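**Q** Next up is a structure, given as structure tokens.
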Amino acid sequence: MAKQRITVCLPPVGPDGLKQAIEQAMAPFRYYREDRPHPDWVGEWDYWFVSGANCLFDVLPGHEDDPRLVRYDDWTNSPEDLPPSRCHGGPRGILDLDTPRAAEARRAADTWTAYQALADRYPPALRFRHFEERARFLEPEHAREAAVAAFREQPLIRAIEADPALEERFTFDPVRHFDADLETYVTRHVAAVLPTPALLTLDGRWVEAGGLDYKQMFNAYLDGLPGDTMVVRVLYHS
């Protein structure tokens, strides 16, 4: 059992009816529903809260005072003090989906370019997987240690690990992380800005998957929703 977030899409609904609408949309996927579709029924959740936390939405400038915006978090014990530009959900047409994606595109491009500039100053490095494979014939208790040591002997990796800021920016295994060209790298990172691990669509489909295909589908789906569709972040226990 664990908690994770889903983005719930609903027909237009006012603040007073929002939680009931979420409950109705989520109900078909409840663990303990009485009318189980089949004897082996296993649902998706047993309780949920309106909660965006680290996946809040941006509000389209000029709409910060719209009363339909969801500005409370049921999961927290104390009231939140959200800035006017952020929310847990609201009508699709007044959520700013483009600004965070554009910001991530710039950040990702800068990071990719900075890594390539640094890597060009050193001999080509190999990804960590290469050293894991090479050490696989060693005793299990020594294999990981030997792979890490050999990996860290590479000049590029030594340079990155010598600078905590570079290590945080470029990750432990940068050769793998930056294995794509600039366009592919940016696309991959931009696609990850908005999605939650699961999506509940207007027509009642619970979609849960990983990978770039799911993330791109998630973005395209939100982009194509009518402007008055309510889109809300929900934390559920599974």
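**Q** So G90 passes all but one of these: (1) open to solvent by less than 30 Å² (accessible area, probe 1.4 Å); (2) on the phi < 0 side of the Ramachandran plot. Which condition number does it fail?
**A** (2)
**Q** Within the stretch 5-19, track down each residue that is of a type in the set (D, E, K, R), surrounded by fewer than 19 Cβ atoms within 10 Å (Cβ to Cβ) and in contact (Cβ under 8 Å) with a residue 24 or more places away in the chain. First the steps, then the outcome.
**A** Initially, the stretch 5-19 is screened for residues of a type in the set (D, E, K, R), giving 5, 16, 19.
Restricting the remaining residues to those that are surrounded by fewer than 19 Cβ atoms within 10 Å (Cβ to Cβ) gives 16, 19.
Scanning the stretch 5-19 gives a single hit, K19.
**Q** For R71, which of the numbered conditions (1) over 22 Å from the mean Cα position of the chain (by Cα); (2) at pLDDT below 95; (3) surrounded by 17 or more Cβ atoms within 10 Å (Cβ to Cβ) fails to hold?
**A** (1)
**Q** Also, quick follow-up: Could we say that V232 is open to solvent by less than 30 Å² (accessible area, probe 1.4 Å) and either among the hydrophobic types (A, V, I, L, M, F, W, C) or more than 17 Å from the chain's Cα centre (by Cα) (or both) here?
**A** On the way: open to solvent by less than 30 Å² (accessible area, probe 1.4 Å): yes; either among the hydrophobic types (A, V, I, L, M, F, W, C) or more than 17 Å from the chain's Cα centre (by Cα) (or both): yes.
Against the criterion (open to solvent by less than 30 Å² (accessible area, probe 1.4 Å) and either among the hydrophobic types (A, V, I, L, M, F, W, C) or more than 17 Å from the chain's Cα centre (by Cα) (or both)), V232 qualifies.
**Q** Here is a check on your reading of the model: is L199 surrounded by 14 or more Cβ atoms within 10 Å (Cβ to Cβ), touching a Phe, Trp or Tyr at 6+ places or on another chain (Cβ under 7 Å) and outside any helix (DSSP H, G or I)?
**A** Working: surrounded by 14 or more Cβ atoms within 10 Å (Cβ to Cβ): yes; touching a Phe, Trp or Tyr at 6+ places or on another chain (Cβ under 7 Å): yes; outside any helix (DSSP H, G or I): yes.
Against the criterion (surrounded by 14 or more Cβ atoms within 10 Å (Cβ to Cβ), touching a Phe, Trp or Tyr at 6+ places or on another chain (Cβ under 7 Å) and outside any helix (DSSP H, G or I)), L199 qualifies.
**Q** So if I check each of Y115, Y185, which one is within 23 Å of G210 (Cβ to Cβ), at pLDDT 95 or above and crowded, with 16+ Cβ neighbours inside 10 Å? Don't jump to the end; show me each part of the working.
**A** Details: Y115 fails: within 23 Å of G210 (Cβ to Cβ).
The match here is Y185.
**Q** For the stretch 203-229, enumerate the residues that are β-branched (V, I, T) and more than 19 Å from G93 (Cα to Cα). Spell out the reasoning first.
**A** Filtering the stretch 203-229 for residues β-branched (V, I, T) gives 207, 229.
Result: V207, single match.
**Q** When you scan the stretch 62-115, how many residues do you find that are charged (D, E, K, R), in a helix (DSSP H, G or I) and touching a strand residue (DSSP E or B) at 6+ places or on another chain (Cβ under 8 Å)? Talk me through it step by step, then tell me what you get.
**A** Within the stretch 62-115, the first condition is being charged (D, E, K, R), and the residues that meet it are 64-66, 68, 71, 73-74, 80-81, 86, 92, 96, 98, 101, 104, 106-107, 110.
Checking which are in a helix (DSSP H, G or I) leaves us with 92, 98, 101, 104, 106-107, 110.
Filter once more, keeping what is touching a strand residue (DSSP E or B) at 6+ places or on another chain (Cβ under 8 Å): 92.
The total comes to 1.
**Q** Among the candidates A150, A220, A143, A165, which residue alone is at negative phi, touching a residue at least 12 places away in the same chain (Cβ under 8 Å) and assigned to a helix (DSSP H, G or I)? Give the derivation first.
**A** Details: A220 fails: touching a residue at least 12 places away in the same chain (Cβ under 8 Å); A143 fails: touching a residue at least 12 places away in the same chain (Cβ under 8 Å); A165 fails: touching a residue at least 12 places away in the same chain (Cβ under 8 Å).
Result of the check over A150, A220, A143, A165: A150.
The values are calculated or read from the model by the stated rules, or taken from the named source; none is laboratory data. Here the structure is a predicted model, which is why all the values come from computation and not from measurement. FYI the Cβ positions are ideal-geometry reconstructions off the backbone, even for glycines, and counts take in every protein chain you see. For accessibility, only protein heavy atoms count, side chains too; no ligands or nucleic acids. Shrake-Rupley method; radii C 1.70, N 1.55, O 1.52, S 1.80 Å.
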